[in-house]
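Working notes, beginning with the structure itself.
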Amino acid sequence: MNRKTSQPIWIAVAICVSLCAAGCGDSRKSEAANAAPVAAVVKVQRKNIASTLEISSEFLPFQEIDVFAKVSGYVQKLYIDFGTHVKQGQLLAVLEIPELQQQLIQDQASVHQAEQNVSRAREEQSRAQSAYDVAHITYTRLADVQKNRPELVAQQEVDVAQGKNLEANAGVSASKAALAGAEQGLAASKAALAKDEALFQYSRMTAPFDGVVTQMYAFTGALLPAGTSAAKGDSALCRLSQNNLLRLVIPVPERAVPEIRDGEPVDVDVSSLHKTFTGKIVRYSDQIDLTTRTMHTEVDVPNPSYELVPGMYASVKIPLHAVQGVLTVPVQAVQSTGTGQGVVLLVGAGNKLERREVKVGLESAADAEILSGLQENERVVFGEQGQFREGQTVAPKLVEAPGGE
């Protein structure tokens, strides 16, 4: 009786044990699947990429000068101050130059005197010419009469007439020379007057170009010396900067020199304004500095609204080379093993990692061109590869690389 009742009990226990064993096996498999590390992956895609040279520089005025006076004088009227925006030819200040004003009066008097001297010399030439004409006619008639009828005219009369003719001719020559001298004197007086008038025009100081007054060195009543001294110092009226067009000086490294093109547009990022402006390569030295191994290059940036200020820092991005529709992966997915060579971790069948050697072409700040080793839409590990090993099973998670389209 006891044996029969115990058999069903042992059978039930055996079934429970087998079920527990099966449940434990499934649990271990689930835990193993959950233990696979998550790997951020990106797909191999076709893109247009370009390599750029990014260099920081400082905005400089297109041109900047100290405005000096041509002639010495006192500032009589002042029309500018710090920060004044001026146009080319606009009046900046008027100088008072008393001694030059007096010199102009003297020059004008000299011109009037020279004009009178010319007038008098012309009258003297006219008188001398008339005297010569009379003397010459008299001598000619007497000479003809003596030739035809010698008994009517004495030789002495002919000789006297001839002498007067020669004297009158000399008088004409002298009057012509006197007139020429008087005319030269008039020209000299007019030249002196024009010179002093030109100097007096410099009493009106004007702007040589559109700009902004960034420094003031003198104010009303100050004496400005002539700007011909070697030690100019603070003798200028002001400092004028052309800020509607700014320039950036870029030291381009030797490797990028062949890619520099005159007139090529570039992006100029100004972090302080959180804006990007467009500039243009306008000039370069076409020579590499032997000390720094760089080439002096300048970028002009229009600034019509004066939003940019000289002294601001900017980052210039110069495009060097571009390719279209090539296979690319983010640069963070490639571990470099040499020039143009690299290694990626490819997510293969069963989500197992494969170590794949690739040939790298053009690199931009975000992407690398893959010349060989990968196919489009294959998945590669993005980021640090050291935490994974070849053959390891991972749980891939597709991410978008920074800067990706």
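General remarks:
- Residue among Ala192, Ala187, Ala218, Ala161 that is assigned to a loop (DSSP other than H, G, I, E, B) and either of a type in the set (A, V, I, L, M) or touching a helix residue (DSSP H, G or I) at 6+ places or on another chain (Cβ under 8 Å) (or both): Ala218
- Test: residue in region 197-206 that is closer than 30 Å to Val134 by Cβ and touching a residue at least 12 places away in the same chain (Cβ under 8 Å): no
- For region 323-343, filtered to residues that are surrounded by 15 or more Cβ atoms within 10 Å (Cβ to Cβ) and in contact (Cβ under 8 Å) with a residue 60 or more places away in the chain, the residue that is farthest from Phe382 (Cα to Cα) is Val323.
- Residue among Ser57, Ser110 that alone is small (Gly, Ala, Ser) and assigned to a helix (DSSP H, G or I): Ser110
- Filter result for Lys359 (in contact (Cβ under 8 Å) with a residue 60 or more places away in the chain, basic (Lys, Arg), in contact with a strand residue (DSSP E or B) (Cβ under 8 Å, 6 or more places away or on another chain) and not in a loop (DSSP other than H, G, I, E, B)): no
- In region 121-153, the qualifying residues are those that are within 16 Å of Val172 (Cα to Cα) and of a type in the set (Lys, Arg), and the one that is surrounded by the most Cβ atoms within 10 Å (Cβ to Cβ) is Arg122.
To keep it simple, each residue is scored yes or no on (1) of a type in the set (A, V, I, L, M, F, W, C); (2) open to solvent by 50 Å² or more (accessible area, probe 1.4 Å).
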| site | (1), (2) |
| --- | --- |
| Asn169 | no, yes |
| Glu183 | no, yes |
| Ala188 | yes, yes |
| Lys195 | no, yes |
| Ser203 | no, no |
| Val213 | yes, no |
| Ala218 | yes, no |
| Ala226 | yes, no |
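- When Gly311 is tested against (1) touching an Asp or Glu at 6+ places or on another chain (Cβ under 7 Å); (2) open to solvent by 80 Å² or more (accessible area, probe 1.4 Å); (3) more than 30 Å from Gly361 (Cα to Cα), just one condition goes unmet, and that condition is (2).
- Residues of region 135-158 satisfying the condition of being in a helix (DSSP H, G or I) and among the hydrophobic types (A, V, I, L, M, F, W, C): Ala135, Ile137, Leu142, Ala143, Val145, Val158
- Set Glu354, Glu384: member being in contact with a helix residue (DSSP H, G or I) (Cβ under 9 Å, 6 or more places away or on another chain) and open to solvent by 30 Å² or more (accessible area, probe 1.4 Å): Glu384
- All positions within region 64-80 that are open to solvent by less than 70 Å² (accessible area, probe 1.4 Å) and part of a strand (DSSP E or B): Ile65, Asp66, Val67, Ala69, Gly73, Val75, Leu78
- Pairs, first within 22 Å of Ala368 (Cα to Cα) in region 384-405, second modelled with pLDDT under 85, C-beta under 9 Å, six or more apart: Gly403/Ser364; Gly403/Ala365
- Looking across Val268, Val301, Val282, Val252, one residue alone is surrounded by fewer than 17 Cβ atoms within 10 Å (Cβ to Cβ), hydrophobic (A, V, I, L, M, F, W, C) and either in a strand (DSSP E or B) or touching a Pro at 6+ places or on another chain (Cβ under 9 Å) (or both). It is Val282.
- For region 286-297, the candidate set comprises residues that are over 16 Å from Gly263 (Cβ atoms) and part of a strand (DSSP E or B); within that set, the residue that is most open to solvent (accessible area, probe 1.4 Å) is Gln287.
- From Val94, Val118, residue being assigned to a strand (DSSP E or B) and open to solvent by less than 70 Å² (accessible area, probe 1.4 Å): Val94
The values are calculated or read from the model by the stated rules, or taken from the named source; none is laboratory data. Model, not experiment: these values are computed from the prediction. Heads up, the Cβs are rebuilt from the backbone with ideal geometry, glycines too, and the neighbour counts pull from every protein chain shown. The accessibility values were calculated without ligands, DNA or RNA, using every heavy atom of the protein model including side chains. Shrake-Rupley method; radii C 1.70, N 1.55, O 1.52, S 1.80 Å.
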